[in-house]
Amino acid sequence: MGKRIMLVEDDHALSKAIKDKVETWGYEVVVAKDFQHISEEFREVQPLLVLLDINLPFFNGFYWCTEIRKQSNVPIVFITSASDNMNIVMAMNMGGDDLIAKPIDLDVLSAKIGAIFRRAYNMNTAPNVLEHRGATLNLNNGTLDYNGKQIDLTKNEFKILTTLLEKKNTIVSRDMLMTKLWQDDCYVEENTLTVNVTRLRKKLEAEGLDEFIKTKVGQGYIIED
């Protein structure tokens, strides 16, 4: 996944202006469509950052921030027409990472987005994370984050997950995984791969990530949308 941003803003003219500007900086911006089902759209989009207006129809941005926080620690930038101290305090207390006031200076917004990406993902051009179903694999430290909890992985589990996520929606053969895991000269029984995958699945299932890795009999393994 590229540098995908979800924009939750009911002012169509403003959302178009933000999308057009931010995408010139190399980001992909997905604009929310259904303001009653933001959580569902978030799961479908799997963004690396959320731009979230506070004043929205049906439920306000603080409510949706709380709902998003139940499934992800993705950075959230609040957009508000009232940048008073109460809104700033509320935004931070609700789990927001930053706040920008209307009328929005699009250059300032783009700079904020760039800074948050670098801070959150320790990267300059591309994210050092792979994400699926709200679980984020950090390629820098070999950990998996899900529901606010860090899942520790062994070296082999990390390699398996990285390979499958890099080739998401594509079947990865057992031979390819064996090659990725054991690139030294020592001989390893093929059953060792099965043991590693089984152990990894149990860790994922323990955190509620059932069927995260699927087996394609006679072909290999796949992580798919």
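In order along the stretch 98-105, phi translates into HN-Hα couplings of 6, 8, 10, 9, 7, x, 7, 8 Hz, rounded to whole numbers, per the Karplus curve 6.51 cos²θ - 1.76 cosθ + 1.60 with θ = phi - 60° and x for Gly and Pro. Rounded to whole numbers, the Karplus 3J(HN,Hα) couplings from phi for the stretch 116-121 are 5, 4, 5, 5, 6, 10 Hz, using 6.51 cos²θ - 1.76 cosθ + 1.60 with θ = phi - 60°, and x at Gly and Pro. With contacts taken as Cα pairs under 8 Å and at least 6 residues apart, the stretch 27-80 reaches a relative contact order of 39 percent. Helix 191-206 axis versus longest C-alpha principal axis of the chain: approximately 30°, rounded to the nearest ten.
For the stretch 1-85, the list of trypsin sites (Lys or Arg not before Pro) that fall in a loop by DSSP and count at most 16 other C-beta atoms within 10 angstrom reads LYS33, LYS70.
Think of the chain as a dipole: +1 on every Lys or Arg Cβ, -1 on every Asp or Glu Cβ, centred on the Cα centre; then among TYR146, PHE35, CYS65, TYR146 lies furthest on the positive end.
Compute the signed sum of charges (Lys and Arg +1, Asp and Glu -1) over the other residues within less than 10 Å, Cβ to Cβ, of VAL30. Could the numbers behind the result be given before it?
Numbers: positive: ARG4, LYS19, LYS33; negative: GLU28, GLU41, GLU44.
Charge balance near VAL30 sits at 0.
With r defined as the distance between the Cβ atoms of ARG199 and SER173 and R0 fixed at 25 Å, what FRET efficiency is calculated, to the nearest 0.05? Once rounded, the FRET efficiency stands at 0.80.
Amide hydrogen proximity for LEU99: with H placed 1.01 Å from N in the peptide plane, the residues at 5 or more positions away or on another chain lying under 5 Å are PHE78.
Summarising the amide proton neighbourhood of LYS3: residues at separation of 5 or more, or on other chains, whose placed amide H is nearer than 5 Å comprise GLU28. Converting phi to 3J(HN,Hα) with the Karplus coefficients 6.51, -1.76 and 1.60 and the offset θ = phi - 60°, the stretch 156-167 yields 5, 4, 4, 5, 4, 5, 4, 4, 5, 6, 5, 10 Hz in sequence order, with x at every glycine or proline. Rg and Dmax over the alpha-carbon atoms of the chain stand at 19.7, 64 Å.
Ratio of alpha-carbon Rg to the 2.2 N^0.38 Å globular estimate for the stretch 1-74, to two decimals, please. All intermediate terms of the calculation are to be shown ahead of the outcome.
Values: Rg = 11.6 Å, N = 74, 2.2 N^0.38 = 11.3 Å.
In units of the globular-protein estimate, the stretch 1-74 measures up at 1.03.
Give, rounded to the nearest 20 debye, the magnitude of the charge dipole that the chain has about its Cα centre when Lys and Arg contribute +1 at Cβ and Asp and Glu contribute -1 at Cβ.
On the way: 27 positive and 33 negative charges, 82 e Å.
About 400 debye.
Under the convention that each Lys and Arg Cβ holds +1 and each Asp and Glu Cβ holds -1, the size of the dipole of the stretch 134-222 around its Cα centre is about 200 debye.
Rule-based calculations on the coordinates, nothing more; no lab input. Quantities reported herein were computed from a predicted structural model and do not represent experimental measurements. Cβ coordinates were reconstructed from backbone atoms using ideal geometry, including for glycine residues, and neighbour counts include every protein chain displayed.
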